[in-house]
Amino acid sequence: GANIKTFFTVAKDYNTNLDSHMLKNTEWGAVAYLSHSIFGTNKEITINNNDQLKTGYAALSNTNQSIYPGIYGNGSSFNILWNQEDGYGASTTGNITGVYDMSGGSWEYVAAYVSEPQTNDSGFQNEELSKLDGKYFDTYDKSSNLTSYTNMILGDATGELGPYKYYADEDKWERYHNSWYDDAFSFISSTAPWFARGGYYSDGVLAGQFYFASNTGTSSEGHSFRLALSPKN
């Protein structure tokens, strides 16, 4: 893993002709909503429960993912590859042509942050962020906190997912859940100012395309990012 600044820089430098950039929260939201429509699988995406953080895997249907933590591992007893029919459940379209790894696997940082973060674990300084092209970031009000989902940006698949609930999972710990498949959520704040999406391989019922969490943006083995291309006319 790497911090947000490293991910952002790698994405930006990948292909300037195709305007490559780190996926924003609103772009994640667009893919998530399309998955939950007649143009997609129209249900929750199967979690990637591969505990080696291998991309393109889907949990077997006989592994219990309706609890937390879910069943996870590496191998034919736990998961199957994306290019086999049973693996299509991990695709946003339910077939081989969709977007994979939007549930589980590693947490995915997106380019979305509180307007005045109080931490520079991300590698960015506040003044540095203010000088970058705003089209590559979703910026949220500095008053944001754990449950301030009304500070959403329309289409980012956060604040639209209510009503929100707080209850104990199988491990007896109480957590916040949204109403779209009971995926977990925590909105960003000044002390945890960056969004991560999708959930982790072990997250079971908490993971999904509508999962969102807050983080400092620091480097972690469990975090990754997704690159977007925008061909120029």
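The values are calculated or read from the model by the stated rules, or taken from the named source; none is laboratory data. The structure presented is a predicted model; accordingly, all values stated were derived computationally and were not measured. Note: ideal-geometry Cβ built from the backbone for every residue, glycine included; neighbour counts use all protein chains shown. Ligands, DNA and RNA are excluded from the accessible area calculation, which covers all protein heavy atoms including side chains. Shrake-Rupley method; radii C 1.70, N 1.55, O 1.52, S 1.80 Å.
Excluding Asn120 itself, what net charge comes from residues whose Cβ is under 10 Å from its Cβ, given Lys and Arg +1 and Asp and Glu -1? Walk me through the numbers before you get to the answer.
On the way: positive: Lys5; negative: Asp121, Glu128.
Local net charge: -1.
Check the straight Cα-Cα distances from Lys135 and name the aspartates and glutamates below 13 Å, setting aside those fewer than 8 residues away within the same chain.
Asp19, Glu27
Starting from segment 18-90, pick out the trypsin sites (Lys or Arg not before Pro) whose DSSP state is loop and whose Cβ has at most 12 other Cβ atoms within 10 Å.
Lys43
Would you mind checking the pairs Lys5/Lys172; Lys12/Lys142; Lys24/Lys54; Lys5/Lys232; Lys131/Lys165 and listing those with alpha carbons more than 32 angstrom apart?
In this structure, Lys5/Lys172; Lys131/Lys165 lie more than 32 Å apart at Cα.
Starting from the 7 Å offset along Cα-to-Cβ, what nm value, one decimal, do you get for the label separation of Lys165 and Leu227?
4.0
Determine the per residue accessible area of segment 50-159 with all protein chains present and a 1.4 angstrom probe, expressed in square angstrom.
Here the residues of segment 50-159 average 49 Å² of exposed surface.
What chymotrypsin sites (Phe, Trp or Tyr not before Pro) in segment 135-233 are in a loop by DSSP, with at most 10 other Cβ atoms within 10 Å of the Cβ?
Trp173
Rule-of-thumb check for segment 40-134: C-alpha Rg over 2.2 N^0.38 Å?
1.39
Output the Kirkwood hydrodynamic radius of the chain, Cα pairs only, in Å rounded to one decimal. Don't skip to the end; give the middle numbers.
Values: mean 1/r = 0.0564 Å⁻¹.
Result for the chain, one decimal place: 17.7 Å.
Taking the Cα centre of each part, how many Å lie between segment 49-101 and segment 153-226?
Their Cα centres are 19 Å away from one another.
Report the FRET efficiency, 1/(1 + (r/R0)^6), for Asn15 and Thr150, where r is their Cβ-Cβ distance and R0 is 45 Å, rounded to 0.05.
Using R0 = 45 Å, I get an efficiency of 0.75.
Only sites in a loop by DSSP and with at most 15 other Cβ atoms within 10 Å count here; which trypsin sites (Lys or Arg not before Pro) in segment 130-219 make the cut? Kindly include the intermediate steps, with their values, before the conclusion.
Values: sites: Lys131, Lys135, Lys142, Lys165, Lys172, Arg175, Arg197; in loops: Lys142, Lys172.
Sites meeting the loop and neighbour criteria: Lys142, Lys172.
Accessible area of the chain with a 1.4 Å probe: how many percent of it is carbon plus sulfur?
Heavy-atom surface of the chain belonging to carbon and sulfur, 1.4 Å probe: 50 percent.
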